[in-house]
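This report concerns only the one structure given below.
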Amino acid sequence: MRFQDQVMVISGGGSGIGQQIAWELADEGATVVVADIQREGLQATESRSGVHSLFCDVREDESVHDLVKDTMAQFGRIDGLVHSAYWTNPKPLLETEPHEFQKTQDVILKGAYLLARHILPIMLQQGRGVIVPIASVHSVLGFRDFFSYQVAKAGLLGYVRSIAVDYGPSVRAVALAPGAIDTPALQDTAEEVRATLAEGALVKRIGTAHDVARAAAFLLSDDSSFMTGTLMLLDGGWSVL
Ligand SMILES: NC(=O)c1ccc[n+]([C@@H]2O[C@H](COP(=O)([O-])OP(=O)(O)OC[C@H]3O[C@@H](n4cnc5c(N)ncnc54)[C@H](O)[C@@H]3O)[C@@H](O)[C@H]2O)c1
């Protein structure tokens, strides 16, 4: 029960990785607030004891302000932030429309900024807090046809470095960078693509949302108190070769 009496906020908690992180943290004693634009997903995540949901569009300052205000009104503190929300339309640069580029940056990077803008002052006042954006192997490696996503996911590395430098030691920030993970997005992928992804990993399997949730719990806990301003790759050894 590493998170007894702690309050965690998770964006994108209505699906996939964010949902599993919410459940993992609640199982370890946290009070968890999941934020998403998908109401059905929010209800599903909230079915687990200790998890509460609030509608929030992370692209909008007012919406994030309300999320944080409501969380503080109900629970009085925020110890951890996980930014898992994302959107993208994978294409190379010359096929990317300006609105597609903008939306990807807005959900991933502007969302990360707005969440920290409202939550950091609370963490600083408490004298402790941990911020974990979900990055990706795309933060450090190049894949074809993922221009907007790779720009945004690489930006999250600058985000954790800046927070760690400017607001440490009381606030730590670490990007968690998964490889291929079995979430709804990947479940729609053709079986041969999934087999290739599994084969490419040194551990010969695709990751699970539970793998990511356990790593997120480690980063949010004092077990990782010597880590900040960096990233943690979680890709089954996929990037080694
Ligand atoms: N699944 C993978 O293989 C994989 C690999 C590496 C990194 N990631 C990262 O993990 C995170 C979660 O991925 P996932 O596979 O669980 O995705 P998912 O699509 O299952 O969940 C993403 C959630 O973000 C929410 N969202 C989108 N726009 C939003 C907004 N404006 N405001 C609030 N919420 C919004 C969606 O409604 C959805 O519930 C993402 O940041 C993704 O880039 C995933």
Discussion item. Which count do you get for residues in region 187-206 that are more than 12 Å from the ligand (Cβ to nearest atom), of a type outside the set (A, V, I, L, M) and not in a loop (DSSP other than H, G, I, E, B)?
Written reply: 5
Worksheet, complete the sentence: Among (1) within 15 Å of the ligand (Cβ to nearest atom); (2) out of contact with any Gly (no Cβ under 7 Å at 6 or more places or on another chain); (3) among the small types (G, A, S), G168 falls short only on (1)
Worksheet entry | Residues of region 143-157 satisfying the condition of being over 17 Å from L81 (Cβ atoms) and more than 10 Å from the ligand (Cβ to nearest atom) | F143, R144, D145, F146, F147, S148, Q150, V151, A154
Practice prompt. Kindly check whether there is at least one residue in region 43-55 that is surrounded by fewer than 19 Cβ atoms within 10 Å (Cβ to Cβ) and within 20 Å of L156 (Cα to Cα).
Written response: no
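Listed here are the residues, each with its yes/no results for (1) under 30 Å from S148 (Cα atoms); (2) more than 11 Å from the ligand (Cβ to nearest atom); (3) touching a Gly at 6+ places or on another chain (Cβ under 9 Å); (4) at pLDDT 95 or above.
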residue: I21; (1), (2), (3), (4): yes, no, yes, yes
residue: L25; (1), (2), (3), (4): no, yes, yes, yes
residue: L42; (1), (2), (3), (4): yes, no, yes, yes
residue: R59; (1), (2), (3), (4): yes, no, yes, yes
residue: M72; (1), (2), (3), (4): no, yes, no, yes
residue: G76; (1), (2), (3), (4): no, yes, no, yes
residue: V82; (1), (2), (3), (4): yes, no, yes, yes
Discussion item. Given the options R48, R2, name the one that is more than 16 Å from the ligand (Cβ to nearest atom) and not in a helix (DSSP H, G or I).
Written reply: R2
Fill in: Among the residues listed as A217, A209, the single one being over 15 Å from Y86 (Cα atoms), near the ligand (Cβ under 9 Å from one of its atoms) and open to solvent by less than 20 Å² (accessible area, probe 1.4 Å)
A209
Fill in: Unique residue being among the charged types (D, E, K, R) and under 23 Å from H99 (Cβ atoms) when the list is R161, R172, R128, R144
R144
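The values are calculated or read from the model by the stated rules, or taken from the named source; none is laboratory data. All values reported here derive from a predicted model rather than from experimental measurement. When we count neighbours, we look across all protein chains shown, and the Cβ atoms used for this are built from the backbone with ideal geometry, even at glycine. Ligands, DNA and RNA are stripped out before the accessible areas are found, and what is left, the full protein with its side chains, is counted by its heavy atoms. Shrake-Rupley method; radii C 1.70, N 1.55, O 1.52, S 1.80 Å.
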